[in-house]
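The values are calculated or read from the model by the stated rules, or taken from the named source; none is laboratory data. Everything numeric here is computed off the predicted structure, so don't read it as measured data. Cβ coordinates were reconstructed from backbone atoms using ideal geometry, including for glycine residues, and neighbour counts include every protein chain displayed. Calculation scope for accessible area: heavy atoms of the full protein, side chains included, ligands and nucleic acids excluded. Shrake-Rupley method; radii C 1.70, N 1.55, O 1.52, S 1.80 Å.
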Amino acid sequence: MTLGEEIASLRDAFEQGAGELGFADTAWLFVERVAELRGEPGVVALRDLLGQTFPTLHFVASRYLSGGRREPVDVSEVAELLRGTRRVLIVGLEAAHLDALVLALPRETRIGLLTYRLLPVDWDRVLSNHPGRVEAVDLTVFQTWAGARSAILTFTYGRRAERVYVLPAFARISGADVRTQFRDLIGWDVLGGVPAVYPRWLIELPASELTRLVEPAHMEP
């Protein structure tokens, strides 16, 4: 296999993983696996090959090379913020965080997953990980989940000053009218910093679009 074919193969694999596991989760999986097989030189090569295409991978690889490692998902603050909600609509997909959240929320809390994504996703396969617990919610009907005891939770990917990086799906449903229809709009940071390269696949929004922002204890500036 030529170098070009190897890069293309890795790119396709990362894109597929990011579609159904999330950008941050897939980045850590790739970095950890490459580090296991090829050590730090392999992680450097991975970052150089795919980092410009997938900024979250560039960020995670750089963090790994500086001594950082994946931390366990801490769902406690998010679960506390969602206490008393009847419906939680999740925007974006990060498998490890979603798994932790599903376990933390009471069974009577309905959990919806917005099925809008720029990457191809087999939603049936994603939802099969949480049978009877997580529901598919189409972009055209998401407002049926609104209410005084409803919340939207979106994954975020770093913050620079008072602006946060989110998936385009959140921009499709955010706005002043949505804020009046849901009790909370919560951002849950899954990256812990802003990628050094241009954050493709993400958009920048004022943090004021959210009612609360949950960030890791150690955030990179």
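Can you spot a residue in the range 133-148 that is closer than 22 Å to GLU77 by Cα, among the small types (Gly, Ala, Ser), assigned to a strand (DSSP E or B) and in contact with a strand residue (DSSP E or B) (Cβ under 7 Å, 6 or more places away or on another chain)?
Yes, the range 133-148 has at least one match.
Which of the following residues is outside any strand (DSSP E or B), more than 23 Å from TRP201 (Cβ to Cβ) and either among the basic types (Lys, Arg) or open to solvent by less than 10 Å² (accessible area, probe 1.4 Å) (or both): ARG107, ARG63?
Result: ARG107 is the single residue among ARG107, ARG63 that is outside any strand (DSSP E or B), more than 23 Å from TRP201 (Cβ to Cβ) and either among the basic types (Lys, Arg) or open to solvent by less than 10 Å² (accessible area, probe 1.4 Å) (or both).
Return a yes/no flag: does the range 111-122 have any residue that is among the small types (Gly, Ala, Ser) and in contact with a helix residue (DSSP H, G or I) (Cβ under 6 Å, 6 or more places away or on another chain).
For the range 111-122, residues among the small types (Gly, Ala, Ser) and in contact with a helix residue (DSSP H, G or I) (Cβ under 6 Å, 6 or more places away or on another chain): present.
Answer with yes or no whether ALA171 is touching a strand residue (DSSP E or B) at 6+ places or on another chain (Cβ under 7 Å) and either polar (S, T, N, Q) or surrounded by 17 or more Cβ atoms within 10 Å (Cβ to Cβ) (or both).
Taking the combined requirement at face value, the residue does not satisfy it.
Among the candidates PRO55, PRO41, single out the residue that is open to solvent by 60 Å² or more (accessible area, probe 1.4 Å) and not assigned by TED's automatic domain parsing to the domain that holds TYR198.
Step by step, each of PRO55, PRO41 is checked, and only PRO41 is open to solvent by 60 Å² or more (accessible area, probe 1.4 Å) and not assigned by TED's automatic domain parsing to the domain that holds TYR198.
Answer yes or no as to whether LEU50 is more than 28 Å from THR144 (Cβ to Cβ), touching a residue at least 24 places away in the same chain (Cβ under 8 Å) and either outside the structural domain of TYR165 (by TED's automatic domain parsing) or open to solvent by 10 Å² or more (accessible area, probe 1.4 Å) (or both).
yes
List, please: which pairs have Cβ atoms under 8 Å, are six or more places apart or on different chains, and start with a residue in the range 190-207 that is without any contact (Cβ under 8 Å) to a residue 40 or more places away in the chain and end with one that is exposed (fewer than 15 other Cβ atoms within 10 Å of the Cβ)?
ILE203/PRO168
Can you tell me which condition ARG83 does not meet? The list is (1) closer than 20 Å to LEU185 by Cβ; (2) over 17 Å from the mean Cα position of the chain (by Cα); (3) of a type outside the set (Gly, Ala, Ser); (4) assigned to a helix (DSSP H, G or I), and all the others hold.
The single condition ARG83 does not satisfy is (4).
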